[in-house]
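Below you'll find the structure, written out as structure tokens, and then a few comments.
The values are calculated or read from the model by the stated rules, or taken from the named source; none is laboratory data. What you see is a predicted model, and the numbers here were worked out from it, not measured in a lab. Backbone-built Cβ (ideal geometry, glycine too); neighbour counts: all protein chains shown.
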Amino acid sequence: MNTASELLVARHLSQMLLAAADRSREEFAGIAQELDIPVHLARALCILEDAAPMTELATRLECDKSYITPLADQMEALGLVNRVPGQDRRTKLLALTARGKSVRNLLEAQIAERSPVIASLDEAERVELERLLRKLVPHESQASGQ
């Protein structure tokens, strides 16, 4: 059974985590806006590295697969990705174009420069934060390939 003290700590920590996430999300949205890229496309760009199946992008974005086709259409219209055939021809892969890689690199550079995590924490604190977050969100460790 949770004590009143544990409930207060849980509420306080939850509020702080939400505030930190909101701050990071707002900063990301500002960066995307400055680069004239809609936030949902910027998120997809940051996730795409090598050519990947559209279903994998849906999994990484934690969205329904039906959302990915219009997202891919938008990214393709902006010259950020190309659809390329997969090994079995039924699978379509999304591959970043040179422009897509360039925009992703700009996004990542701005994130690194302006991230509240980078700005507020020293290297040892960032390592500790990552360790703690891996305990809270273990599937992210697998998704990032680490």
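Summary of values
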read-out	value
Residue match in the range 95-118 (condition: in a strand (DSSP E or B), surrounded by 12 or more Cβ atoms within 10 Å (Cβ to Cβ) and assigned by TED's automatic domain parsing to the domain that holds residue 43)	yes
Pairs, first more than 20 Å from residue 93 (Cβ to Cβ) in the range 35-57, second loosely packed, with under 15 Cβ neighbours inside 10 Å, C-beta under 7 Å, six or more apart	39/29
The range 94-121 residues that are at positive phi, paired with ones that are surrounded by 15 or more Cβ atoms within 10 Å (Cβ to Cβ) and hydroxyl-bearing (Ser, Thr, Tyr) (beta carbon under 7 Å, 6 or more apart)	none
The range 1-16 residues that are surrounded by 10 or more Cβ atoms within 10 Å (Cβ to Cβ), paired with ones that are at pLDDT below 90 (beta carbon under 8 Å, 6 or more apart)	10/2
